[in-house]
Amino acid sequence: MHFPEACDFVVFGGTGDLALRKLLPALYHCDLEGRLPADTRVIAVSRSELDDDGYRAEARAALAEHVAAEFQDLAAVERLLERVHYVTVDVQDPGSWQPLFDTLKDRENADEAVRVFYLSVAPSLFGPICHELGVNGFAEAPARVVVEKPIGTDLASAKAVNNTISEFFDESQIFRIDHYLGKESVQNLLVTRFANTFLEPLWNSHSIDHVQITVAETLGTGNRAGYYDRSGAMRDMVQNHLLQLLCLVAMEPPIEIGGGREDVRDEKLKVLQALKPMTPADVDRDTVRGRYTSGWVAGKPVEGYVEELGHESMTETFVAIKAEVQNWRWAGVPFYLRTGKRLDRRVSEIVVVFKNAPYDPFRQREGVTEPNRLTIRVQPEEGMQIHLNAKEPGPGGYRLKPVSLDLSYANAFDKRSPDAYERLLMDVIRGNMTLFMRRDEVEAAWAWCEPILKHWESAALTPKSYPAGSAGPTASFTLIERDGRSWQES
Ligand code: NAP
């Protein structure tokens with residue numbers, strides 16, 4: 001791992017949504033804060049017939065729209081745009097690639113610059129891109145290739161995608177992004193667990209009752225309905241983001257974090273391998289699929305999924321699962337996962353619910369005290385809360401009341417919380433793979449998801465309905481309440 005002096009950051013799909021909405025603003029912030037290698041070029045590639053100036057105009061508009069007003073600095077925008085170039089290539093037409101190759105070679109010490117190839121295109125184009133880069137000698141280390149989800153739609157197709165990339169790039173050059181891992185609060189989970197002593201003795205089945213991981217969105221599928229319908233909540237969210245969060249909660253302490261060793265990824269893999277495989281009976285009992293119907297979100301009427309899509313569909317927009325990590329630390333501790341679209345709130349959080357006190361010397365009239373909880377809030381506001389019982393002030397004996405210790409990132413640090421992509425793009429440039437998914441992780445996650453998907457498919461049951469703007473299908477509440485627990489809505 002080293003910080004290069006020169007970098008060519010090539011974005012295939014440079015005119016696309018991800019590039020304009022996320023990648024360019026992230027590069028802008030990195031440049032603004034002087035973090036990009038001094039000699040960096042950003043080379044956007046797609047089929048659109050544009051020249052440098054035409055693309056820069058699009059990029060300027062995208063930065064104006066997607067960079068928060070307080071960080072808009074016109075001089076800095078123009079400085080970044082001077083680094084930006086555009087090349088028209090149809091990646092499926094080998095005859096159209098030469099201008100890109102010429103551009104890559106057209107710089108001083110071209111062979112010493114770290115080349116990052118960010119594949120911000122449909123996965124069907126990964127093959128042609130890697131092939132052309134490989135056969136033309138552009139895939140040699142220190143070149144790096146970055147890919148986004150979805151990596152396959154099942155185990156076999158994920159292996160096929162990975163094989164395609166591996167034909168030309170070594171695993172040490174392949175950066176598979178899960179942007180959740182770039183979020184500050186997610187990295188802070190590692191710091192909370194492994195830079196403090198108070199939690200670790202409690203972080204196991206003796207003290208933890210269960211864990212909840214929720215990723216709830218208020219948005220529907222919008223103009224991604226076509227893509228989404230081939231995917232669904234399980235493939236789009238659980239296989240990657242939710243399982244990655246679960247891994248960080250459940251993994252054993254790694255030897256080193258952030259230094260470029262493989263420890264974190266090794267430990268995450270062990271968690272995925274320890275997930276209890278689901279039989280068809282488990283799937284029937286421990287999973288819930290849902291799909292939103294019309295309803296109200298933020299005071300506005302919205303259509304149901306099927307109406308948005310324009311045809312009938314069996315795709316789920318909501319999933320809840322009770323999972324189990326079968327190892328010494330976690331045996332018997334349920335991990336309840338849920339994610340969905342068009343829900344009543346936008347929130348991503350992990351809630352670790354501790355066991356209740358074994359005995360209540362205060363003899364509360366209700367009979368029980370609230371169990372302690374640790375909430376790690378990933379979005380919208382990043383932060384952490386510890387929920388405790390405290391004495392309500394007053395002379396009338398002991399009245400206990402749940403209170404929370406709040407750590408809001410925005411309040412605790414007088415610093416902007418960077419977008420996940422900023423951290424991840426800099427890690428790619430530096431060659432630090434810790435926060436990227438290794439091939440075996442992706443495939444282990446698919447191996448666990450596949451029996452669930454297969455059983456759903458063979459059962460051919462329509463997902464359970466929930467009105468847009470609600471908290472999800474009733475069955476998702478039954479899933480947890482039948483165990484005497486409830487979803488925590490903080
Ligand atoms: P998009 O808006 O549809 O953009 C696709 C890009 O690919 C466009 O720039 C398009 O430009 C280019 N392209 C298509 N065919 C091409 C070809 N034959 N040769 C060269 N360029 C070609 O897609 P996106 O939303 O940016 O997503 C990109 C990738 O990231 C996808 O794999 C997606 O699943 C993944 N992803 C996206 C998001 C997101 O928030 N958008 C989040 C997670 C993952 P031309 O039409 O000009 O060629």
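The values are calculated or read from the model by the stated rules, or taken from the named source; none is laboratory data. Bear in mind that the values here come from a model prediction, so they are computed numbers and not experimental data. Every residue, glycine as well, gets a Cβ built from its backbone with ideal geometry; the counts of neighbours run over all protein chains shown. Calculation scope for accessible area: heavy atoms of the full protein, side chains included, ligands and nucleic acids excluded. Shrake-Rupley method; radii C 1.70, N 1.55, O 1.52, S 1.80 Å.
Points worth noting:
- Among the residues of the stretch 221-249, the ones that are surrounded by fewer than 20 Cβ atoms within 10 Å (Cβ to Cβ) and more than 27 Å from Leu435 (Cβ to Cβ) come to 6 in all.
- A search for C-beta distances below 8 Å between a residue of the stretch 1-19 that is in contact (Cβ under 8 Å) with a residue 60 or more places away in the chain and any residue that is β-branched (Val, Ile, Thr) and open to solvent by 10 Å² or more (accessible area, probe 1.4 Å), counting only pairs 6+ apart in sequence or on different chains, returns Phe12/Val91; Phe12/Val121; Gly13/Val121; Gly16/Val121.
- Per the listing Tyr86, Tyr55, the residue uniquely open to solvent by less than 10 Å² (accessible area, probe 1.4 Å), modelled with pLDDT of 95 or more and closer than 19 Å to Ser120 by Cβ is Tyr55.
- A residue that is within 18 Å of Cys7 (Cβ to Cβ), away from the ligand (no atom under 16 Å from the Cβ), surrounded by fewer than 21 Cβ atoms within 10 Å (Cβ to Cβ) and not basic (Lys, Arg) occurs nowhere in the stretch 146-162.
- Meets criteria (open to solvent by 10 Å² or more (accessible area, probe 1.4 Å), touching a residue at least 40 places away in the same chain (Cβ under 8 Å) and not basic (Lys, Arg)) for Pro280: yes
- Identity of the residue in the stretch 467-490, of a type in the set (A, V, I, L, M) and part of a helix (DSSP H, G or I), that ends up most open to solvent (accessible area, probe 1.4 Å): Ala475
- Some residue of the stretch 28-39 being closer than 25 Å to Ala141 by Cβ, without any contact (Cβ under 8 Å) to a residue 60 or more places away in the chain and out of contact with any helix residue (DSSP H, G or I) (no Cβ under 6 Å at 6 or more places or on another chain): yes
- Wholly within the stretch 119-203, helices (runs of 4 or more DSSP H) carrying at least 3 residues that are free of Cβ contacts under 8 Å to residues at least 60 places away in the same chain and farther than 21 Å from Glu382 by Cβ: 126-135, 155-166
- Counting only residues that are surrounded by 15 or more Cβ atoms within 10 Å (Cβ to Cβ) and part of a loop (DSSP other than H, G, I, E, B), the stretch 93-103 holds 1 of them.
- Qualifying residue in the stretch 168-176 (condition: of a type outside the set (D, E, K, R), within 13 Å of the ligand (Cβ to nearest atom) and touching a helix residue (DSSP H, G or I) at 6+ places or on another chain (Cβ under 9 Å)): no
- Within the stretch 42-52, tally of residues that are buried (at least 19 other Cβ atoms within 10 Å of the Cβ) and not polar (S, T, N, Q): 4
- Residue list for the stretch 224-252, restricted to those being in a loop (DSSP other than H, G, I, E, B) and within 23 Å of Leu199 (Cβ to Cβ): Met251, Glu252
- Residues that are open to solvent by less than 40 Å² (accessible area, probe 1.4 Å), away from the ligand (no atom under 12 Å from the Cβ) and closer than 16 Å to Phe12 by Cβ within the stretch 106-145 comprise Arg115, Val116, Phe117, Cys130, Leu133, Gly134, Phe138, Ala139, Ala143, Arg144, Val145, listed in sequence order.
Okay, residues lined up against (1) within 25 Å of Arg224 (Cβ to Cβ); (2) of a type outside the set (D, E, K, R):
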position	(1), (2)
Asn327	no, yes
Val333	no, yes
Phe362	no, yes
Arg373	no, no
Ile376	no, yes
Gln379	yes, yes
Met384	no, yes
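- Where a residue in the stretch 56-84 is in the same structural domain as Gly16 (by TED's automatic domain parsing) and its partner, wherever it lies, is acidic (Asp, Glu), with Cβ under 7 Å and at least six apart: Ala76/Asp31; Arg79/Asp31; Leu80/Asp31
- Of the residues making up the stretch 116-163, those that are closer than 22 Å to Leu27 by Cβ and basic (Lys, Arg) are Arg144, Lys149.
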